[in-house]
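Here's the structure, in structure tokens; my notes come after.
The values are calculated or read from the model by the stated rules, or taken from the named source; none is laboratory data. Since we're looking at a predicted model, the values are computed, not measured. Reconstructed Cβ throughout: ideal geometry from the backbone, glycine too, with neighbour counts over all protein chains shown. Side chains included, ligands, DNA and RNA excluded: accessible areas come from the protein's heavy atoms. Shrake-Rupley method; radii C 1.70, N 1.55, O 1.52, S 1.80 Å.
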Amino acid sequence: MTRIAFRRLEEMSELARELTLERGNLNVYRALANAEKVFPGWMLAGRAALTSQVVPVRLREFVVLRTAWLMDCSYELGQHRDVARTAGVSSEEIKAITSESGWREADFSPVELAVLHLTTELLTTRSVSAEVFDQVHKALGSEATVEVLMIIARYSGLALMLNALDVELDETARLPIQSAQQPHP
């Protein structure tokens, strides 16, 4: 059970309420809405980062799943397994991404492997080797490389908040299945 009561929609500012409803009125948002002065900006920044078409949706979900697994965040894993499937990530690929080393043996593209390596190395060592960084940068370019880092930062930070607040996965509600051009957390 969450450690802080969820904000009710009627207690939120109009913008916070709109953003919460846009994304499915999930426990994560109702918990974070307690930071009422920061929450709308956090949601808008997430929308901007996560609706960008610079990083393909499938690759973004690789990063989100790997981050969630490394951060031991059951909430993120529960929500993004469904999102990843809609982005073309198979159940077998999800299993590999969310394992200790299965991703290394999976039949992923060189770019996918490089991004998984970067995510893993950054979150486990708090740094990334020049070799791994250069692989990702050469494959994706500067803009997408920085966006991948922003996704890692967003979801590792979110995982810390969800774990600290002990937010439970919604019983039935899931992130709305949306196209790459629409926002989601």
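If you check Leu165 against the conditions, is it out of contact with any Cys (no Cβ under 8 Å at 6 or more places or on another chain), closer than 21 Å to Val28 by Cβ and open to solvent by 20 Å² or more (accessible area, probe 1.4 Å)? When the stated conditions are applied, Leu165 passes them. Scanning segment 29-37 turns up at least one residue that is open to solvent by 10 Å² or more (accessible area, probe 1.4 Å), under 16 Å from the mean Cα position of the chain (by Cα) and modelled with pLDDT of 95 or more.
So how many residues does segment 1-12 have that are at pLDDT 95 or above and open to solvent by 60 Å² or more (accessible area, probe 1.4 Å)?
Result for segment 1-12: 7.
Ala84 fails exactly one of the following numbered conditions: (1) free of Cβ contacts under 8 Å to residues at least 40 places away in the same chain; (2) open to solvent by 10 Å² or more (accessible area, probe 1.4 Å); (3) under 23 Å from Leu149 (Cα atoms); (4) in contact with a helix residue (DSSP H, G or I) (Cβ under 6 Å, 6 or more places away or on another chain). What is the number of that condition? Going through the list (1) free of Cβ contacts under 8 Å to residues at least 40 places away in the same chain; (2) open to solvent by 10 Å² or more (accessible area, probe 1.4 Å); (3) under 23 Å from Leu149 (Cα atoms); (4) in contact with a helix residue (DSSP H, G or I) (Cβ under 6 Å, 6 or more places away or on another chain), Ala84 breaks only (2). Taking segment 43-151 and the helices (runs of 4 or more DSSP H) fully enclosed by it, the elements with 1 or more residues that are of a type in the set (Lys, Arg) and within 16 Å of the chain's Cα centre (by Cα) are at 57-70, 74-86.
Look at segment 33-53: where a residue is touching a residue at least 12 places away in the same chain (Cβ under 8 Å) and a partner is open to solvent by less than 30 Å² (accessible area, probe 1.4 Å) and among the polar types (S, T, N, Q), sitting 6+ places away or on another chain with Cβ atoms under 7 Å, you get Ala33/Thr20.
What about Leu15, is it within 17 Å of the chain's Cα centre (by Cα), assigned to a helix (DSSP H, G or I) and aliphatic (A, V, I, L, M)? Let's see the steps before the verdict.
Working: within 17 Å of the chain's Cα centre (by Cα): no; assigned to a helix (DSSP H, G or I): yes; aliphatic (A, V, I, L, M): yes.
Answer is no for this residue.
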